[in-house]
Amino acid sequence: MTATIINGKEIAVEIRKQIQSEVRELKEQNIVPGLAVVLVGENQASRTYVGMKEKACAELGIYSLKIELPETVSHNELVSKIKELNSDPAIHGILVQLPLPKHINEIEIIETISPEKDVDGFHPINIGKMMTGQDTFYPCTPYGIIKMVEYINIDPAGSHVVVVGRSNIVGKPVGQLFLNKNATVTYCHSKTKDLAAITSQADILIAAAGRENLITAEHVKDGAVVIDVAMNRNSQGKLCGDVDFAEVKEKAGYITPVPGGVGPMTITMLLFNTLKSAKLLDGNKINA
Ligand code: GUN
């Protein structure tokens, strides 16, 4: 079997058109969704991601505010900045780009963001809501993966979803979102024994470990949906995922490429969450 490629760029364009049209409608009510992105230090990958987020906001008519702070910023200075953004009525979403410098306590920073503006879905209150099946801001990459699976018309209910990787940003929440959709979920990680024995049972396999060529044909069941979340650099400096694409595409039913798969969905769902927040926070102004 040769897998159907799930084109993340195409799906992202479809969802962005819908967001853009809702942003236009809100503007007629004098509401402009606003996203603040806080960037600390000089991490090049973080700079690139933040640039992509700003560009995407501009394309859709979302106001974006970039706050750049030096690597040496103190924990308290960063906390004060976030508190300022929490009470700024022009800002509906706050994103602090991770990772943060070592001297800053990431968990405390995330907990400083108002849960009502936590468009990353990382605040423990929002994680708790997600775990208890409530509507909230879901983390953007996991939410984008759910949207991709919806787009190919696959209902995860009753499917075996295997997640490889257990990060707070992707692995753990993506498994939870699939559980909320009535899938049977198994988590694998670096200490898992006989990875292939487990992943080869997956109807939907999520690779989010950050290890080039971790997933080969022997790890995949015939016809499975394979979602590659990783963004690794290979020895030639080329972007690649965790999946040996050439080999696995001959066995899977569906597969996401890297780049052009999950990547474009992450920013799209950030825009989606920012719009959602504007509607929730300023909804009372509509037709008031
Ligand atoms: N760093 C890598 N991915 C993310 C993300 O989704 N959100 C934030 N805030 N930082 C990240």
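The values are calculated or read from the model by the stated rules, or taken from the named source; none is laboratory data. Remember, predicted model here, so these are calculated numbers, not experimental data. Virtual Cβ from ideal backbone geometry, glycine too; neighbours counted across all protein chains shown.
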- Could you grab the pairs with beta carbons closer than 8 Å, sequence gap of 6+ or different chains, first residue in region 36-53 and within 29 Å of P89 (Cβ to Cβ), second one away from the ligand (no atom under 11 Å from the Cβ) and β-branched (V, I, T)? A36/I67; A36/I91; V37/I67; V38/I67; V38/I82; L39/I67; V40/V73; V40/I104
- Query: Of all residues in region 256-270 being surrounded by fewer than 21 Cβ atoms within 10 Å (Cβ to Cβ) and more than 19 Å from I62 (Cβ to Cβ), which is farthest from the ligand (Cβ to nearest atom)?
  - Reply: P257
- Query: Which pairs do you get when a residue that is in contact (Cβ under 8 Å) with a residue 40 or more places away in the chain, found in region 182-203, comes within reach of a residue that is in a helix (DSSP H, G or I) and surrounded by 14 or more Cβ atoms within 10 Å (Cβ to Cβ), reach meaning Cβ atoms under 9 angstrom, with the pair 6+ apart or on two chains?
  - Reply: A202/H219
- Item | Selection from region 151-177 of residues that are more than 16 Å from the ligand (Cβ to nearest atom) and closer than 24 Å to L95 by Cβ | V163, G175
- Query: Mind checking whether some residue in region 187-197 is in a helix (DSSP H, G or I), out of contact with any Leu (no Cβ under 9 Å at 6 or more places or on another chain) and either modelled with pLDDT under 95 or not hydrophobic (A, V, I, L, M, F, W, C) (or both)?
  - Reply: no
- Message: Against the condition assigned to a loop (DSSP other than H, G, I, E, B) and in contact (Cβ under 8 Å) with a residue 12 or more places away in the chain, how does D222 come out, does it pass?
- Response: yes
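Conditions tested, residue by residue: (1) under 30 Å from A197 (Cβ atoms); (2) among the small types (G, A, S); (3) touching a residue at least 40 places away in the same chain (Cβ under 8 Å); (4) not in a loop (DSSP other than H, G, I, E, B).
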{"residue": "K129", "(1), (2), (3), (4)": "no, no, no, yes"}
{"residue": "Q134", "(1), (2), (3), (4)": "no, no, no, no"}
{"residue": "T141", "(1), (2), (3), (4)": "yes, no, yes, yes"}
{"residue": "G144", "(1), (2), (3), (4)": "yes, yes, yes, yes"}
{"residue": "A157", "(1), (2), (3), (4)": "yes, yes, no, no"}
{"residue": "I169", "(1), (2), (3), (4)": "yes, no, yes, no"}
- Task: Output the residues belonging to region 54-85 that are closer than 13 Å to G34 by Cβ and not acidic (D, E).
- Result: C57, A58, L60, G61, I62, Y63, S64, L65, K66, I67, L85
- Message: Condition check: surrounded by 19 or more Cβ atoms within 10 Å (Cβ to Cβ), over 19 Å from the mean Cα position of the chain (by Cα) and of a type outside the set (S, T, Y). Does V119 satisfy that?
- Response: no
- Query: Is it true that P139 is within 14 Å of the ligand (Cβ to nearest atom), under 30 Å from K81 (Cα atoms) and either more than 18 Å from the chain's Cα centre (by Cα) or exposed (fewer than 15 other Cβ atoms within 10 Å of the Cβ) (or both)?
  - Reply: no
- Message: If I filter region 106-114 for residues that are of a type in the set (G, A, S) and out of contact with any helix residue (DSSP H, G or I) (no Cβ under 8 Å at 6 or more places or on another chain), do I get at least one hit?
- Response: no
- Item | Test result for I82, touching a residue at least 12 places away in the same chain (Cβ under 8 Å) and surrounded by 19 or more Cβ atoms within 10 Å (Cβ to Cβ) | yes
- Task: For M231, work out the one condition from (1) at negative phi; (2) in contact with a helix residue (DSSP H, G or I) (Cβ under 6 Å, 6 or more places away or on another chain) it doesn't fulfil.
- Result: (2)
- Note on the structure: Across region 122-135, the tally of residues that are among the hydroxyl-bearing types (S, T, Y) and either modelled with pLDDT under 95 or buried (at least 19 other Cβ atoms within 10 Å of the Cβ) (or both) stands at 0
